[in-house]
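The values are calculated or read from the model by the stated rules, or taken from the named source; none is laboratory data. Just so it is clear, the model here is predicted, and its values are computed rather than measured. All Cβ positions, even for glycine, are placed from backbone atoms using ideal geometry, and neighbour counts span all protein chains on display.
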Amino acid sequence: MIRAVLDANIFVSAAIRPEGPPGAIVEAFLRRGAFELVLSPAIVDEISRALKYPKLRKYFRSGFDTEQWVADFAMLSYFVAARRKIAPISRDPDDDKYIVAALEARADFIVAGDLDLLSIKKYEQVQIVNARKFLDLLIG
């Protein structure tokens, strides 16, 4: 089974536009178990924080419960501590938490909307791809 880390941008995009590629990825995970999602405490914190931004909340559908949504993902995911120390890899060192989680989980992919991550393309065994490419891989 494919194991993947999704960056916070993918979750935010899925919440705002469920019909887009990030929404289809989330749907494939929640409805079909199409891949194993990897999370870490730092990733969950970033997703939760991003979903609380007032400038984004206005785009969520009525009644969308961000806390429950994140809790559902946390409950269904493969969790890693992501405490491994690595030399800075991304241009934005804050993004290295995704790489650490992927390495600890032996993930196949990081799915990102962040150009700092996407510019890396591959680190060790982990491919870093955008939402469209990952969705194409899932639906074959």
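Applying the selection to the range 61-74, what residues are over 18 Å from A8 (Cβ atoms) and either at pLDDT 95 or above or of a type outside the set (G, A, S) (or both)? Give the steps one after another, and end with the answer.
First, pick out the residues of the range 61-74 that are over 18 Å from A8 (Cβ atoms): 61-63.
Answer for the range 61-74, where residues must be over 18 Å from A8 (Cβ atoms) and either at pLDDT 95 or above or of a type outside the set (G, A, S) (or both): just R61.
Yes/no per residue for (1) in contact with a strand residue (DSSP E or B) (Cβ under 6 Å, 6 or more places away or on another chain); (2) not aromatic (F, W, Y):
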| residue | (1), (2) |
| --- | --- |
| V5 | yes, yes |
| F11 | no, no |
| R17 | no, yes |
| A34 | no, yes |
| S40 | no, yes |
| Y53 | no, no |
| W69 | no, no |
Item to complete: Would you check which residues across the range 81-133 are under 19 Å from N9 (Cα atoms), of a type in the set (G, A, S) and at pLDDT 95 or above and list them?
Response: A101, A102, A107, A112, G113, S119, A131
Discussion item. From the list D92, D96, exactly one residue is out of contact with any Phe, Trp or Tyr (no Cβ under 9 Å at 6 or more places or on another chain), without any contact (Cβ under 8 Å) to a residue 40 or more places away in the chain, surrounded by 18 or more Cβ atoms within 10 Å (Cβ to Cβ) and not small (G, A, S). Which is it?
Written reply: D96
Item to complete: Report, by residue number, each residue of the range 19-48 that is over 23 Å from Q127 (Cβ atoms) and either without any contact (Cβ under 8 Å) to a residue 40 or more places away in the chain or acidic (D, E) (or both).
Response: E19, R31, D45, S48
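Among the small types (G, A, S) and in contact with a Gly (Cβ under 8 Å, 6 or more places away or on another chain): is that true of A34 in this structure? Don't jump to the end; show me each part of the working.
Numbers: among the small types (G, A, S): yes; in contact with a Gly (Cβ under 8 Å, 6 or more places away or on another chain): no.
The answer is no for A34.
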Discussion item. Given (1) within 20 Å of L135 (Cα to Cα); (2) at pLDDT 95 or above; (3) out of contact with any helix residue (DSSP H, G or I) (no Cβ under 8 Å at 6 or more places or on another chain), identify the lone condition not met by P41.
Written reply: (1)
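Could you list all residues from the range 105-128 that are in contact (Cβ under 8 Å) with a residue 12 or more places away in the chain, farther than 20 Å from L30 by Cβ and not in a helix (DSSP H, G or I)?
Just the residues of the range 105-128 that are in contact (Cβ under 8 Å) with a residue 12 or more places away in the chain, to begin with: 105-114, 116-120, 123-128.
Okay, now just the ones that are also farther than 20 Å from L30 by Cβ, so 106, 114, 116-120, 123-128.
Result: R106, D114, S119, I120, Y123, E124, Q125, V126, Q127, I128.
Just to be sure before I move on: is L137 surrounded by fewer than 20 Cβ atoms within 10 Å (Cβ to Cβ) and either touching a strand residue (DSSP E or B) at 6+ places or on another chain (Cβ under 7 Å) or closer than 15 Å to V38 by Cβ (or both) in the structure I sent?
On the way: surrounded by fewer than 20 Cβ atoms within 10 Å (Cβ to Cβ): yes; either touching a strand residue (DSSP E or B) at 6+ places or on another chain (Cβ under 7 Å) or closer than 15 Å to V38 by Cβ (or both): no.
Taking the combined requirement at face value, the residue does not satisfy it.
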